[in-house]
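Novice: For reference, the structure I am asking about is given below.
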Amino acid sequence: MYRQFCLAIVFAAAANAAFAQTPYTGMQARPIKALSDQQVADLQAGRGMGLALAAELNGYPGPSHLLELANQLGLSDDQQRRIQGLFEAMKAEAIPIGERLISQEKALDTLFATHTATPEAIAAATAMIGDTQAKLRAAHLKYHLSTVELLQPAQVQRYAELRGYAAGGEQHHHPR
């Protein structure tokens, strides 16, 4: 009986320890607490990170995915060349903004790491981060807007099918 009681206490303590862990466990070792290594790499490479989902999921394909699916979409050489140009322009615009965002997140992290955070410093740092995030998102979204203009409606529909978005054969029509 005593042994069962001790085992029950040990199991209860282990369960409490497991529940005490948060989803943030391990993140305290990150160089920038608010950004994972993958997020930093994505920002440095100019990847979209889901920032353009409003466009992507409403029938405005992005240049990166269009280039990946060029053969299945039947993109002409001219379309591919123009989309490649948009992709390169998007990266050229997004990478410096991403680098700025990394720097701003590092500065915010440093405020807390050095115990120098004040309400005013936090307000200023987060305002800059918010502005940079908005600029990064707008940059990615505008290239989705530009790429759809280069496609035929059937290509947009096929893109949606290939990406798994087309439900019931819905068509997306965009003003030209």
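The values are calculated or read from the model by the stated rules, or taken from the named source; none is laboratory data. Everything numeric in this text was worked out from a predicted model, so none of it was measured. So basically every Cβ, Gly included, is an ideal-geometry build from the backbone, and we count neighbours across all protein chains shown.
Novice: Could you say whether any residue in the range 85-97 is among the β-branched types (Val, Ile, Thr), modelled with pLDDT of 95 or more and more than 30 Å from Lys33 (Cα to Cα)?
Specialist: As a first pass, look at the range 85-97 and keep what is among the β-branched types (Val, Ile, Thr): 95, 97.
With modelled with pLDDT of 95 or more added as a condition, the list becomes 95, 97.
Now drop any that are not more than 30 Å from Lys33 (Cα to Cα), which leaves none.
Scanning the range 85-97 turns up no residue that is among the β-branched types (Val, Ile, Thr), modelled with pLDDT of 95 or more and more than 30 Å from Lys33 (Cα to Cα).
Novice: In addition: In the range 33-64, what residues are loosely packed, with under 13 Cβ neighbours inside 10 Å and without any contact (Cβ under 8 Å) to a residue 24 or more places away in the chain?
Specialist: The answer is Ser36, Asp37, Gln38, Ala41, Gly50.
Novice: Among the listed residues Glu68, Glu105, which satisfies the condition of being within 27 Å of Leu43 (Cβ to Cβ) and without any contact (Cβ under 8 Å) to a residue 60 or more places away in the chain? Can you show your working first?
Specialist: Details: Glu105 fails: without any contact (Cβ under 8 Å) to a residue 60 or more places away in the chain.
The unique qualifying residue is Glu68.
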